[in-house]
1. Could you tell me the accessible area of L156 in Å² (1.4 Å probe, neighbours in place), rounded to the nearest ten?
2. Pop out the carbon and sulfur fraction of the accessible area of segment 50-168 as a percent, whole number, probe 1.4 Å.
3. So, how do all the Cα-to-Cα distances of segment 1-61 break down into 10 Å bins, in percent, from 0 on up?
4. Which percentage, to the nearest 5, of the DSSP beta bridges contained in the chain is antiparallel?
5. Counting only protein chains, not ligands or nucleic acids, how are S162, S40 ordered by accessible area (probe 1.4 Å), most first?
6. Could you work out the relative contact order of segment 94-204? I mean the mean sequence separation of Cα pairs under 8 Å and 6+ apart, divided by the number of residues, in percent.
7. Mean projection of the alpha-carbon convex hull of segment 73-124 over all orientations, in nm²?
8. With an 8 Å cut-off on Cα pairs and a minimum separation of 6 or more residues, tell me the relative contact order of segment 30-157 in percent.
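The values are calculated or read from the model by the stated rules, or taken from the named source; none is laboratory data. These figures come from a predicted structure and were not determined experimentally. Heavy atoms of the whole protein, side chains included, go into the accessibility calculation; ligands, DNA and RNA do not. Shrake-Rupley method; radii C 1.70, N 1.55, O 1.52, S 1.80 Å.
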Amino acid sequence: MQLRALMFDYGNVLSMAQKTEDLTSMAGVLRAAHDDFAASYWRYRNNYDCGRYDATTYWRSVADDCGCRISADQVIRLIALDCESWAHPNMIAVGWAKSAHAAGISTAILSNMPAPVRDYLDVRCPWLHEFDNRTLSCEIGAVKPEPAIYRYCLELLAVEASESVLLDDRYENVHAAEAIGMHGVLFKSCEQARSELEGRFGIF
């Protein structure tokens, strides 16, 4: 196999995992129970990530699910807390992208991400602009594991599916990539992922 492209998920791969206390802080804005809030936070996330819901619609849906009323000021506060919760880079994985790029392998971010988080990270994490390309759900109206988002990224990079590897923390996203002919590595830890990238693809 000739590896020409390495694609990275953002959340929990290029960024550190969202902390429990981050969700607790967001739940506190609504005075909602943590578990109820966490379930609602993810229930509507795909709609938010791909732009079917704007920020206000998303947070109102979360609040409604929790049986809470929400004000415009609370929406603004929740957006800020949510963005900040994803702004902690995993510099080990970021370093892998730099190494791959230096070795002549194209690098891309392939991620489900809502527009407010994208805009926040563009300023907070300037290293994101060092990737050769990025395919974000909010920009194309599709989310992983839908095939369209993978094919869009492949087209932008001008590589065949068999020449690419996706590094992602969700099994369903890796499985969907493999279903269209890509290679996938399920990210569980930096140590495990690096070992698999080295062993299977000779990266690093």
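1. 80
2. Within segment 50-168, the accessible surface is 51 percent carbon and sulfur.
3. 18, 39, 28, 9, 5, 0
4. 5
5. S162, S40
6. So the answer I get is 20 percent.
7. 4.2
8. 27
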